[in-house]
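Structure record follows, encoded as structure tokens.
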Amino acid sequence: MKGVIATINREVPIIDLTHQIPPQNILAGRFSLLNSIPYFPRGTIHLAVVDPGVGSERQGCAIQFSQGFLVGPNNGLFSGILAQFPPEKIVTLTNPKYWRTQEVSSTFHGRDIFAPVAAYLATGVPIENLGKEILKEELIDVSFPRPEIKQNTIIGYIQYIDYFGNLISNIPASRVYNKQWSVSIKNDNIESKNTYSESDPQELVAIIGSHGWIEIAMNQGNASEALSLNYGDVIKVNLF
């Protein structure tokens, strides 16, 4: 993919965001984009490929939004960031003029379609030239339900599991600022701390992570394995 981009525009700088997305895990890709794109300069072209539906009828898309452009499969990968920054223009990638070849691989659209499209955008090709415009309602959305907020509890969902096994919820830290709180998950009540080091090794702890979401961690251990939890599982925050 980098070779294809350089062939079209060898001057464009490329920053690798991550190559650690678990195979076919659209939710992990969604989270990584959601929490990284706001730190990039406006006008950046974000090329993302987590594409278990490659070769099927799923669409490829390019999206213009206030922070720049998104290029990749229309499978929900961009639904997190677009909830923060609504799309301004969306096109399907139906114009083969901007593909690497018209004989596209059925297993590697990242190389043959998405990478060249991103490179052409970086040369100044208008997004309208890339294909047919579609409505935002035609974009796939894999977002979790919003947290349910009650008087003394907040019900949310695990939206990401990082390399260390930390369980990151979709409950924003703003909901617990200046409050005492804990997390209930299955039969465990997990006390909140400010840092990992305030807990003993192998002890579960609820903290506010660097992404700004409430998360459950295990000091020097793997909370996901210890609790046998996965994406979409429910957590409850207790306020007192």
> Under a 1.4 Å probe, what is the accessible area of the stretch 1-86 per residue, stated in Å²?
Replying inline: 50
> If you line up the Cα atoms of the chain on their principal axes, what length do they span on each, largest first, in Å?
Replying inline: 59, 33, 32
> In whole angstrom, how far apart do the alpha carbon centroids of the stretch 65-128 and the stretch 32-56 sit?
Replying inline: 10
> Tell me, what is the 1.4 Å probe accessible area of T101, in Å² to the nearest 10?
Replying inline: 40
>> Accessible area per residue for the stretch 90-240 in Å², computed with a 1.4 Å probe and the full protein assembly in place, what is it?
In response: 55
> Taking the stretch 36-116, which trypsin sites (Lys or Arg not before Pro) meet the DSSP loop condition and have no more than 10 other C-beta atoms within 10 Å?
Replying inline: R42
>> To make sure I understand the rule: partners must be lysines, Cα under 22 Å from the Cα of K179, and not fewer than 8 residues away in the same chain. Which ones qualify?
In response: K150, K193, K236
> So, with a 1.4 angstrom probe, what is the percent of accessible area on the stretch 109-173 that is carbon and sulfur?
Replying inline: 50
> Largest first, what is the accessible-area ranking of S192, S79 with a 1.4 Å probe?
Replying inline: S192, S79
>> Ratio of alpha-carbon Rg to the 2.2 N^0.38 Å globular estimate for the stretch 172-240, to two decimals, please.
In response: 1.03
> Computed over the Cα atoms of the stretch 60-163, what is the convex hull's projected area averaged over all directions, in nm²?
Replying inline: 8.9
> Which chymotrypsin sites (Phe, Trp or Tyr not before Pro) in the stretch 124-232 pass both tests, a DSSP loop state and at most 15 other beta-carbon atoms within 10 Å?
Replying inline: Y163, F164, Y177
>> Run the reach check for K89 against lysines, Cα to Cα strictly under 23 Å, same-chain hits fewer than 8 apart removed. What comes back?
In response: K97, K132, K136
> Considering the dipole of the chain built from charges on the beta carbon (Lys and Arg +1, Asp and Glu -1) around the Cα centre, which of G221, L139, Q67 is farthest to its positive end?
Replying inline: Q67
> How large is the Kirkwood hydrodynamic radius of the stretch 90-221, in angstrom, based on all distinct alpha carbon pairs?
Replying inline: 18.5
> Loop-only check: which trypsin sites (Lys or Arg not before Pro) in the stretch 129-216 are DSSP coil with at most 14 other Cβ within 10 angstrom?
Replying inline: K132, K150, K179, K186
>> Leaving out ligands, DNA and RNA, and with a 1.4 Å probe, what % of the accessible surface on the stretch 6-62 is carbon or sulfur?
In response: 51
> Once the mean 1/r over all distinct Cα pairs of the stretch 1-108 is inverted, what Kirkwood radius in angstroms do you read off?
Replying inline: 14.7
>> If exposed means no more than 14 neighbouring beta carbons inside 10 Å and the site is in a DSSP loop, what's the longest run of the chain without any exposed GluC sites (Glu not before Pro)?
In response: 104-240
> In the full protein assembly as shown, how much of H211 is accessible to a 1.4 Å probe, in Å² to the nearest 10?
Replying inline: 80
> Do the sum for the chain: with -39,500 (n - 2.57) for every DSSP H run of n ≥ 4, divided by all residues, what is the mean residue ellipticity at 222 nm, to the nearest 500 deg cm²/dmol?
Replying inline: -3500 deg cm²/dmol
>> With a 1.4 Å probe and all protein chains kept in place, how do M218, M1 rank by accessible area, largest first?
In response: M1, M218
> Mind checking the dipole of the stretch 102-194: about its Cα centre, +1 per Lys or Arg Cβ, -1 per Asp or Glu Cβ, Debye to the nearest 20?
Replying inline: 560
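The values are calculated or read from the model by the stated rules, or taken from the named source; none is laboratory data. Since the structure is predicted, the reported quantities are computational estimates derived from the model, not experimental observations. Here Cβ is always computed from backbone atoms with ideal geometry, including for glycine, and neighbour counts include all displayed protein chains. Accessible surface is based on the protein model in full, side chains and every heavy atom, while ligands, DNA and RNA are left aside. Shrake-Rupley method; radii C 1.70, N 1.55, O 1.52, S 1.80 Å.
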